[in-house]
Structures are given as structure tokens and as C-alpha cells.
1. List the pairs whose first member sits in segment 32-44 and is under 14 Å from Thr19 (Cα atoms), whose second member is at pLDDT 90 or above and not charged (D, E, K, R), and whose Cβ atoms are under 8 Å apart, counting only residues at least 6 apart or on separate chains?
2. Out of the residues in segment 185-217 that are in contact with a strand residue (DSSP E or B) (Cβ under 8 Å, 6 or more places away or on another chain) and under 27 Å from Asp65 (Cβ atoms), state the one that is surrounded by the most Cβ atoms within 10 Å (Cβ to Cβ).
3. Residue check, Phe189 against (1) in contact with a helix residue (DSSP H, G or I) (Cβ under 8 Å, 6 or more places away or on another chain); (2) farther than 24 Å from Ala166 by Cβ, all met but one. Which one?
4. Which count do you get for residues in segment 115-143 that are under 21 Å from Thr85 (Cβ atoms), of a type in the set (S, T, N, Q) and either surrounded by 13 or more Cβ atoms within 10 Å (Cβ to Cβ) or touching a Pro at 6+ places or on another chain (Cβ under 7 Å) (or both)?
5. Which one of these does Gln258 not meet: (1) among the polar types (S, T, N, Q); (2) open to solvent by less than 70 Å² (accessible area, probe 1.4 Å); (3) modelled with pLDDT under 80?
6. Checking the structure you have, find out if any residue of segment 67-90 is part of a loop (DSSP other than H, G, I, E, B) and at positive phi.
7. Out of the residues in segment 25-53 that are part of a helix (DSSP H, G or I) and of a type in the set (Asp, Glu), which is most open to solvent (accessible area, probe 1.4 Å)?
8. Condition first: surrounded by 16 or more Cβ atoms within 10 Å (Cβ to Cβ) and within 18 Å of the chain's Cα centre (by Cα). Now tell me which residues in segment 153-168 satisfy that.
Amino acid sequence: ETWENNSFVKIDSASEISTIEQIIAEQLGIIFDEYIDDIDQAIESFSDKRIILCIDNLETILRDDDQLFHLFIDRLPRDWKVVVTSRVVITNAFIYTLAELNDKPAIHLSRLYNRNKGGDELPQEKYAQIAKDCYCNPLAIKMTFDLYLAGNEIPTSINEAKSNIAYFSFNNLIESLSNNALGVIELIFIESDVNRTLICQILSLTVDDAATAINELSRTSLINRISQDDSECYEINGSIKDLLIINPKCLEIRAEIQGRINRQKTASKEIDIQQML
């Protein structure tokens, strides 16, 4: 999804990579003052150039069909380099973690976006307050001004933007998780005192698969680890529970896991009854 015209818009990975290729071809034609029809012609014409391609928000393509991206990379000349931003890890890539914006650039971004959207100039303290209340998050700042320029008050715009950010970030994060990791988080959501043994039993995972899924979730803000004596269990991060309740993709997996838990409990009761006879 991307934020356009005051709403979230779905992005299709196949059409998106084609759009990226076409934009690259057009921009290289402009830079080198040549007419370039498509990416193949760009590669042929500029294969001897040292070029850096910068692609923002690549996670949609990587999540839905990462083979498309790797096929694209394999076609590029050796001296072309690619820099991308993504919430999803890219195989065989150098990874640099981006630090959050601090106050000064966030305030500048607020003023610049308001000006570019045709808004009336605001006092400096308003820009500072918006940047602070949006936690210097660029998307939250953008959403706030979109809502404000659509006629909402600034406090209302900020609150709605922060709510939208939570939904947007959660959905993108959930979509990037493996099926095993989704199963683990749903099990933790349903059951209390979930440990690795229960994860292996209910989800039919090997110890290694369970460890991989837990490590995947631990790199996010979705779960917390709780150490108890010599064991470890897991719980859902408090701020995530409400979002998990309504996520459609999770509901399907949740129903399957709930069915497994119910069957296990029924089997356990039958064993207990048999032992009592």
C-alpha cells in the first residue's frame, strides 16, 4: 500500500517493477540527453557508465514476488549499483539501518510539504509542534498536512495520521512475515504462557523452524520475550493486540490454530477419561 490522495492504495508488484524500469529508462535518457525507449535500450546504451539507481519502498515487490526484483538486478550492467529502502531484508545485500529524523529536518520537512501543497505559511512553533507530535515520522507529517489542508483542525489531523500510521505499518509488517512466524504470533495471541515446546506441538514445527520464526518476530515490535527461571515464554506487545483482532489475514490463520488447540484439548480430555475408567 501507498498513501495517495488521502487514502491507502494497493500496489501490484508486477506492474510496479515495469513502472520502475520505464522510469529508469526515461530518466537516464534525460540525464544523458538521448532518446531511450525502454530499459533494454538503456542497458545497451549506458552499460559502460557508472550509475547508481535509488529505489524507494521496495518491500511490496520483495514481499509479493522477490524473483521479479532479482531478475531485474541480474540484467543490469556490472558497474551499475542499486540502493533501495525496504522493510524487508534483501538477500546478498549490504544493509544499512536508517536513523530516525531529528527535530530540525522534521520541522524543515513539515514546512516544505505544506508549501508544496499550497498551504498558507504557518508560524515556526506550529511546524515544530506537528513534527514533535508526529514523532518526526515523514509519513505521519505528510498525512497530517493532507488532512489539515483538506479542512481538518491540526490536532484532529495529527491524531488521525497517527492512527493511520499504526494501521499502515502493522499491515505492511504482517505481510512481510513468513507463514511460520504468522502462526507463532497467532498462537501467542490465542494462548497464554506460550513456549517453544507448545509452538512445536500446535504448529507442527521442528525446533529449528520454531527458533527461526521466533527470531523473525523478535526483530519486530510484535512480541516480547519473558524469561522465567530456565525457560522462556512470549507475549503480544500490548499496543499490537487491538490491531491483531481485526486483521483479515490473521483471522484465517487464527481459526486454523484455534481448531488445532481445540482438537488437542479434546484428545487430552479423552485420555484422562480413559485413564479414570
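1. Asp37/Ala25; Asp38/Gln22; Asp38/Ala25; Ile39/Gln22; Ile39/Ile24; Ile39/Ala25
2. Going through the qualifying residues, I end up with Ile185.
3. With respect to (1) in contact with a helix residue (DSSP H, G or I) (Cβ under 8 Å, 6 or more places away or on another chain); (2) farther than 24 Å from Ala166 by Cβ, Phe189 is out only on (2).
4. Of segment 115-143, the ones under 21 Å from Thr85 (Cβ atoms) are 116, 131, 134-143.
Imposing the further condition that a residue be of a type in the set (S, T, N, Q) reduces the set to 116, 137.
Narrowing the set further to residues that are either surrounded by 13 or more Cβ atoms within 10 Å (Cβ to Cβ) or touching a Pro at 6+ places or on another chain (Cβ under 7 Å) (or both) leaves 137.
Of the residues in segment 115-143, 1 are under 21 Å from Thr85 (Cβ atoms), of a type in the set (S, T, N, Q) and either surrounded by 13 or more Cβ atoms within 10 Å (Cβ to Cβ) or touching a Pro at 6+ places or on another chain (Cβ under 7 Å) (or both).
5. Among (1) among the polar types (S, T, N, Q); (2) open to solvent by less than 70 Å² (accessible area, probe 1.4 Å); (3) modelled with pLDDT under 80, the lone unmet condition for Gln258 is (3).
6. Let us first name the residues in segment 67-90 that are part of a loop (DSSP other than H, G, I, E, B), namely 76-79, 85-90.
Still in the running and at positive phi: none.
No: zero hits.
7. Filtering segment 25-53 down to residues part of a helix (DSSP H, G or I) leaves 25-31, 39-45.
Applying the additional criterion that residues be of a type in the set (Asp, Glu) yields 26, 40, 44.
Values: Glu26: 90, Asp40: 87, Glu44: 148 Å².
Among those that are part of a helix (DSSP H, G or I) and of a type in the set (Asp, Glu), it is Glu44.
8. Ala161, Lys162, Asn164, Ile165, Phe168
The values are calculated or read from the model by the stated rules, or taken from the named source; none is laboratory data. Not measured: the values here are computed from a predicted model. Every residue, glycine as well, gets a Cβ built from its backbone with ideal geometry; the counts of neighbours run over all protein chains shown. Quick note on the areas: whole protein, heavy atoms, side chains included, nothing else; ligands and nucleic acids left out. Shrake-Rupley method; radii C 1.70, N 1.55, O 1.52, S 1.80 Å.
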